[in-house]
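Colleague: Could you have a look at this structure, given as C-alpha cells, before my questions?
The numbers here are math on the coordinates, done by the rules we state, and not lab data. The structure displayed is predicted, hence computed values, not measured ones. Backbone-built Cβ (ideal geometry, glycine too); neighbour counts: all protein chains shown.
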Amino acid sequence: MNNLSIKNKLYIGFGSIVAIILLLLILAYNNFASLTDANRWDRHTMEVLLQLDRINSVSLQIQVDTRGYILTGSEALIGSERENAEQLKQQVAKAVQLTADNPQQNERLKRAQALLTTWADVNIRRQIDKRRSLGDTKGAAEILGQSSELKEAGAIVASARELLDQAAEEERRLLAERSAKAVDLHSNQNNLLLGGGAAVFVLSLLIAYTLGRAILGPLANLTAGLARLGSGDLAARTVVTSGDELGKVSEDFNKMAQQLQDATLREQAQTNELRAKVDSLLGVVARAAGGDMTGKISVGGDDAIGQLGDGLQRMFDNLRQLLTNVQKAGIQVTTSATEIAASAKQQEATGVEQAQTSVEVLSTTKEISSNTSQLLKTMEDATAVADYTTSATSEAQGNLRRMDQTMQNMVNATDSINAKLAALSEKASNINSVLTTITKVADQTNILSLNAAIEAEKAGEAGRGFSVVATEIRRLADQTSVSTWDIEQMLKEMQSAVSASVMGMDKFSEEIRRSVGEVRQVTDQLSGVMDQVQKLAPQFDAVLQGMQAQAVGAQQITETMMQLNDATQQTVESLKATSEAVHQLQYAAGDLQSSVSTFAVNA
Amino acid sequence: MKVLVFHIGADRYGLPLRQVRRVLPSLELKGIPLAPDSVAGLMNLHGTPLPVIDLSRISGRAPSRQHYDTRIVVADYIAPDGTVHALGLMAERVQGVQDVAPQDLAPSGVQAAPFLGQVAGDAHGMVQLVEVNDLLPAELRARLFPAEVATG
C-alpha cells in the first residue's frame, strides 16, 4: 500500500467507492424493477377491476334500459340496446383477455361471459320482444314484472354478477397481496438505500481516511520538515515512509536539506577560516599597534584577505625597515652627540689648559725680561774676546796664502804631464784603428778564400788549381790575422801602461787640487771668521737693541696673553653652552631611541 | 769529398761542400717574433729574405756567439718533395775547407740528432758530417717553407 503511487491510491480509493455505489445502484435498480413490476401488476389488477366495474356498469345500463322500456315501453330507451350489448360483449372479452394470466379468474370470467352473452343476446331480447308484443297494453309492466323471463334474466345476471363479484373479490385479494408485497419491496428498497448509503458513507469515510493518512501523513511530515528548515533548523529531515511521489519528494527534500546543511557548514567553515585569518591579521596589527613589529603575517594567497595580508606584510616590512633605520639613526645621533659632548669637554679642558698656559707664558715673559739685562753684560765680555781673535786670524791668513801659491805650481806641472800622456794614448788609438782595418781585410780575405774554395769545388776538376790558390790565400789571410793579433796584444799592453800612468797622475793632481782647495777653504774660513768677528761689534749693538725691543715685545706679549686669556674664557663659556646644547641633544636622542625602542623590530 | 768545417761548442762538424752556396760574414738579422728558438732570424740576400737557422741552437746548445769567425753559410736545402730552398745556417768558428777521404768515413754508432751523419778522424780529432736535408724537423720545415711558397 505504501509503495503505491498517489495516483494509484486515488484510483483504488475512488474506484472502490464508485464500485460500492454501482453495486448499491444495481441492487436498488433490481428492487426498483421489482417495484415497477409490482406496480404493473397492481395496475393490471386495477384494470381488471375497472373492466369488471365497466361490465357491471354496462350490464346495469342494459338492465336499466330494459327495465325502463318495460316500464314505459318507450322505444327510445332501448335505441342503444344493441350497441350496449355489443359493448358488454367487448367489455367481457376484454376482461377475459386481461385475466389470461390467471386461469382461475379466466375460467370465472369465461363462465360469466357465457352467462352475460346469453343474458344479453337471449334474455334481454325475450323481455324486449315480450314487451313489444304487449305494446301499450295496460299493466304490461306488471305482466312483465311477473313474467318468468324477467326472473330468469335476473337469475342469470345475478349469477353473472356473482361470478364477477367473485372475480373482483379475487382481484382485490390479489391486489392486497401484491400491495403487501409492494410494501415489503418498498421497505426493502428503503432499507437497501439506507443501509447501502450508510455502508457507502462509512466505506467512503474509511477510504478517505486511509487515503488522507497515506497522503497527508507524509505531506504533514514534509510540511513540518519544511517549516523546521524554514525556521533555520538545517538538521531537519523527514522520515521516508512511502515509495510514492511524496516519498520521492521527501527523499529529495532530505537531499536538499543535506545539501543546504553541507553548503551552510562549508560556508561556516569558510567564514571561520576567514575569521581566523582576519584574527591573525588583527593579532599582528594589534601587536604592531602595541609596538611589537616582529609579528609575521602568515596569511597569504590570492584572495582579497591574502592580498591584504601581503600588503600588511609589506607595510610591516617597510615600517620595520624604517624603525630600524630610525633606531640606527637614533643610536648614531646619540653616539655623535656623545662624541660632540666629549670633544666639547675636551675643548673645554683645552681652553682651561690654554688659560693656564697663558698664565705660564706671562710668567715666562717676565723671566725673559729679567734675563735680558744679564745677557747685556755678557755681550760686553764677548766683544773683547772678538777683538783678540781678529788679530790672530789675520796672521794665519798670510801663511796660508804662500802655501796656496806652491800648490798651484804643482798642479800646473801635473797638468802638463797629463797632456803628454793623453797624446800618447791618442796615438795608440790610431794604431788600433789601423789594426782593426787590417783585421777586417784579413777576415774578408778569409771569407773570400772560403767562397773561392767552394766555387772551385763546384767547378770540379777545372777548379783544382784555383782551389790551391784559394788555400794559399786563406793561409796568407790566417797569417795576417795572427800577426795583427800579436800587434794588437802589444798595443794593448802599451795602452794599459799609459792608462795606469795617466790614472796615477790623475790621482796625484787630484790630491794636490784637493789640498789647494782645503787650504783655500781654510783661508776663506779664516777670512770669514775675521769678518764675522769684525762684524760682531755692530751686531752686539743690534743685539742690545733687540734685547730692549724684546723687553717691549715681552710687555706686548703679556697684554696679548691677557686678551687671549679673556678670549679663552669666552671660548670656555661658549663651549659650556655648546656642551649644554649637546646634552639636550643627547637627551633628545635618548628620547628618540627609547621611543623607537618601544617598537620591537627584530624577532 | 770536401767539407766546410765549423764548430758546435768544442766539436768539429763538416758541411758537404756540394750543398754550400757561399759563406757570408755574420750580419745583422731581423728577428722573427714567435718563431721557434732554433730560427736565428731573417737575412737579406740581395733582396731575397732568407731564414737563418742557428746550428748551435738547433743542436740543443746556447745560441752561437758572435766571434770574428762566426759565419752565415748559405746552403741548399732539398725538401723531401724535391724542391730546393736556400737556407742560411749560422755556424761558429768556420775554419775552412777540409778534404775527407770517403774511406775514412764511418758510422758514428750513436743515433742522436737526425741530421748528424758519419764521422771521420784526422790529426785534429774527429769531424762529423751534417746532413743539411735532415736539418729541419717536419714542423719547422712546414713553417719555413709552406708547400706553395717554394723558392729555387
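Colleague: Reachable lysines from A:Lys138, Cα under 21 Å, same-chain residues fewer than 8 places away excluded?
Modeller: A:Lys130, A:Lys151
Colleague: Oh, and also: Grab the beta carbon distance between A:Ala276 and A:Lys328, set R0 = 45 Å, and tell me the FRET efficiency rounded to 0.05.
Modeller: That gives a FRET efficiency of 0.80.
Colleague: Order the peptides A:112-122, A:272-282 from the highest to the lowest mean number of other Cβ atoms within 10 Å of their residues.
Modeller: A:112-122, A:272-282
Colleague: OK, next. Can you return the lysines within cross-link range of A:Lys328? Criterion is Cα-Cα under 24 Å, with same-chain partners fewer than 8 residues away left out.
Modeller: Once the sequence-local lysines are set aside, what remains near A:Lys328 is A:Lys296.
Colleague: With N residues in the range B:33-126, what two-decimal value do you get for its Cα radius of gyration over 2.2 N^0.38 Å?
Modeller: The reported ratio for this selection is 1.24.
Colleague: Need one number: nm distance between label points at A:Ala208 and A:Ala269, each 7 Å from Cα along Cα→Cβ, rounded to one decimal.
Modeller: Calculated label separation equals 5.2 nm.
Colleague: Can you list the residues of the range A:524-544 with backbone N under 20 Å from a point 7 Å past the Cα of A:Ala392, pointing along Cα to Cβ?
Modeller: Hits in the range A:524-544 for A:Ala392 at 20 Å: A:524-537.
Colleague: Compute the length gained on full extension between A:Ala199 and A:Gln90: take 0.36 nm times their separation in residues and subtract their Cα-Cα distance, giving the result in nm to one decimal.
Modeller: 33.8 nm
Colleague: Set the Förster radius R0 to 51 Å, insert the Cβ-Cβ distance between B:Asp37 and A:Asn412 as r into 1/(1 + (r/R0)^6), and round the FRET efficiency to 0.05.
Modeller: E between B:Asp37 and A:Asn412, to the nearest 0.05, is 0.25.
Colleague: Take A:Gln61 and A:Ala551, extend 7 Å from each Cα along the Cα→Cβ direction, and tell me the distance between the two endpoints in nm.
Modeller: 21.7
Colleague: Give the peptides B:139-145, A:54-60 in descending order of average Cβ contacts within 10 Å, highest first.
Modeller: Listed from highest to lowest mean packing, they are A:54-60, B:139-145.
Colleague: How far is the Cα center of the range A:326-371 from the Cα center of the range B:65-141, in Å?
Modeller: 92
Colleague: What number, rounded to the nearest 500 deg cm²/dmol, is the helix-based mean residue ellipticity at 222 nm of chain A, given -39500 (n - 2.57) per DSSP H run of at least four residues and division by all its residues?
Modeller: When only DSSP H runs of four or more count, the value is -33500 deg cm²/dmol.
Colleague: Counting pairs of Cα atoms in the range A:281-421, how many percent are more than 21 Å apart?
Modeller: Counting every Cα pair in the range A:281-421, those more than 21 Å apart make up 78 percent.
Colleague: Return, for the Cα atoms of the range A:444-603, the radius of gyration and Dmax in Å, separated by a comma.
Modeller: 49.3, 122
Colleague: Ok, one more. With each run of n ≥ 4 DSSP H residues scored as -39500 (n - 2.57), what mean residue ellipticity at 222 nm is computed for chain B after dividing by its residue count and rounding to the nearest 500 deg cm²/dmol?
Modeller: Computed mean residue ellipticity for chain B: -1500 deg cm²/dmol.
Colleague: Given 37 °C and 0.692 mPa s, how large is the Stokes-Einstein diffusion coefficient of the range A:70-196 in µm²/s, with Rh as the Kirkwood radius over Cα pairs?
Modeller: 188
Colleague: Now for a different question. Tell me which lysines have Cα within less than 26 Å of A:Lys9's Cα, excluding those fewer than 8 residues away on the same chain?
Modeller: The qualifying lysines are A:Lys248, A:Lys255.
Colleague: In addition: Using alpha carbons only, how many angstrom separate the centre of the range A:251-310 from the centre of the range A:27-87?
Modeller: A separation of 114 Å, based on Cα centres.
Colleague: I would also like to ask the following. Just to be sure I understand the model, the point goes 7 Å from the Cα along the line to the Cβ. What's the resulting A:Asn432 to A:Asp233 distance in nm?
Modeller: 13.9
Colleague: Please compute, for peptide B:85-97, the average count of beta-carbon atoms on other protein chains lying within 10 Å of each residue's beta-carbon.
Modeller: Mean inter-chain Cβ contacts per residue within 10 Å come to 2.
Colleague: Rg to Rh ratio, the range A:136-262, alpha-carbon atoms and Kirkwood radius?
Modeller: 1.86
Colleague: Here's something else I'd like to know. Over all directions, average the projected area of the Cα convex hull of the protein assembly as shown and note it in nm².
Modeller: 122.9
Colleague: Students often check this: by mean Cβ neighbours within 10 Å, which of A:91-99, A:171-179 ranks highest, and how do the rest follow?
Modeller: Packing order, densest peptide first, comes out as A:91-99, A:171-179.
Colleague: Taking 35 Å as R0, compute the FRET efficiency from the Cβ-Cβ separation of B:Gln111 and A:Val482 and round it to 0.05.
Modeller: 0.35
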